[in-house]
Amino acid sequence: MKRKNWIIALGLLFLAGTGWAEVKKGALVLSFDDGYPSWIQIIAPELAKVGGKATGFVNNQRINNKFISFEDLRTLQNQYGWEIGTHTYHHFNAVEYVRQKGLETWAAEEMDRSVKELTAQGLQVRSLVFPFNVYNQALSEKVREKFTSFRRRGEQFPLAEGRGADGSMPGKGIDLAGYVPLDLLFQWIEYTHSQNKLLFLYGHDVLPDEHFFEGRVASVGSDSVFALEEIPFAEKEGVCLVPDKERKAQGNPLRVNKIEGKIIKASPTDLRRLTAPGATFILGPCYGTPLSYFQKAITFASSRLKFL
């Protein structure tokens, strides 16, 4: 090899090794709500493989009921680099609580009580997510007295440059209740990279793929999907339907009322607007994300974005 070509080849190898070939721009802000065993068993180890981290917004009753422990939360914070935030003490609807008992009582019993218990266990709590993403101006102002940020509600494309003037951040769910097709999520990641902005996504639980079921639509009625084959699905409660794997969820989660043979009956809506014969449907826990989906999403994100 001529000296000039050898120098060029060596330079290209060096640049590739330093990451020059794919400069990361923008960031993924990933969070999880409530508190699930998968945070420590699945999600954190999978994120660590791609250099990722997240925020866990825990409600204290999930700790008291042993879904997750203080030790788990400390490991997430100290070993995996997660932030731990509060999802309030009991996960009550904050607006309804304030209507019944007043803003100061909510602040003392749901916000301050949660933070006191978490910080006493060595956790650094700087942000809050309202249960069900439901709040009003008085609640957001009260939260801003003690926290740097909280999540906004109703975001369909959660792209931003950072926190809003009121301390709020956008967010879009990626579990079955707020399903986003993987191809669309890849487009969001590419766009976030191109604009050098922040993409805010959240979930709840990540589960092995056997907790979910995919089938093909034979026909569809106003409140029922008829599958091509019998549906051998073991999950009985808290099940949601994604009527078409290629379409983003719209509106409220499609909760399954009954599965019988080849028939899926879902919560009242006109399913004929949401799917068609030949489409692929998904069944699974409403607040669950399939592990294979999660792995593909974070692997692709890690090639384009930083994790914050």
Scan of region 25-52 for residues that are part of a loop (DSSP other than H, G, I, E, B) and either among the polar types (S, T, N, Q) or under 16 Å from the mean Cα position of the chain (by Cα) (or both), ordered by number: 35, 36, 37, 52
Considering region 77-99 alone, what residues qualify as being open to solvent by 50 Å² or more (accessible area, probe 1.4 Å) and part of a helix (DSSP H, G or I)? 78, 96, 99
Those residues of region 113-137 that are in contact with a helix residue (DSSP H, G or I) (Cβ under 8 Å, 6 or more places away or on another chain) and closer than 16 Å to residue 76 by Cβ come to a total of 6
Here's a check for you: in region 277-290, which residue that is part of a loop (DSSP other than H, G, I, E, B) and farther than 29 Å from residue 35 by Cα is least open to solvent (accessible area, probe 1.4 Å)? 279
Residue, least open to solvent (accessible area, probe 1.4 Å), within region 212-241, restricted to residues that are within 26 Å of the chain's Cα centre (by Cα) and modelled with pLDDT under 95: 233
Taking only region 242-263 into account, find how many residues are without any contact (Cβ under 8 Å) to a residue 60 or more places away in the chain, open to solvent by less than 50 Å² (accessible area, probe 1.4 Å) and closer than 15 Å to residue 179 by Cβ. 4
Determine, yes or no, whether residue 148 is free of Cβ contacts under 8 Å to residues at least 24 places away in the same chain, surrounded by fewer than 19 Cβ atoms within 10 Å (Cβ to Cβ) and closer than 30 Å to residue 71 by Cβ. yes
Scan region 34-61 for residues that are open to solvent by 40 Å² or more (accessible area, probe 1.4 Å) and closer than 17 Å to residue 125 by Cα and jot them down. 53, 61
Test: residue 72 is surrounded by 23 or more Cβ atoms within 10 Å (Cβ to Cβ) and of a type in the set (Asp, Glu): no
So residue 127, is it in contact (Cβ under 8 Å) with a residue 60 or more places away in the chain and among the polar types (S, T, N, Q): yes
Do any residues in region 93-112 that are more than 12 Å from residue 135 (Cβ to Cβ) have Cβ atoms under 8 Å from those of residues that are loosely packed, with under 13 Cβ neighbours inside 10 Å and modelled with pLDDT under 95, where the two are at least six apart or on different chains, and which pairs are they? none
Please find, among 162, 167, 154, the residue that is closer than 21 Å to residue 82 by Cβ, modelled with pLDDT under 95 and surrounded by fewer than 13 Cβ atoms within 10 Å (Cβ to Cβ). 162
When you check residue 274 against the structure, is it hydrophobic (A, V, I, L, M, F, W, C) and buried (at least 21 other Cβ atoms within 10 Å of the Cβ), yes or no? yes
Go through (1) open to solvent by less than 20 Å² (accessible area, probe 1.4 Å); (2) of a type in the set (Val, Ile, Thr); (3) part of a loop (DSSP other than H, G, I, E, B) one by one and return the number of the condition residue 269 breaks. (1)
Residue under question is residue 109, and the condition is that it be open to solvent by 40 Å² or more (accessible area, probe 1.4 Å), of a type in the set (D, E, K, R) and either in a loop (DSSP other than H, G, I, E, B) or within 25 Å of residue 41 (Cβ to Cβ) (or both); does it hold? no
Filter region 53-76 for residues that are within 14 Å of the chain's Cα centre (by Cα) and either part of a helix (DSSP H, G or I) or not basic (Lys, Arg) (or both) and give the result. 54, 55, 56, 57, 58
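The values are calculated or read from the model by the stated rules, or taken from the named source; none is laboratory data. What you are looking at is a predicted structure, and each value in this text was computed from that prediction instead of being measured. Please note: Cβ atoms are built from the backbone with ideal geometry, for glycine as well, and neighbour counts cover all protein chains shown. SASA here: full protein model, heavy atoms, side chains in, ligands and nucleic acids out. Shrake-Rupley method; radii C 1.70, N 1.55, O 1.52, S 1.80 Å.
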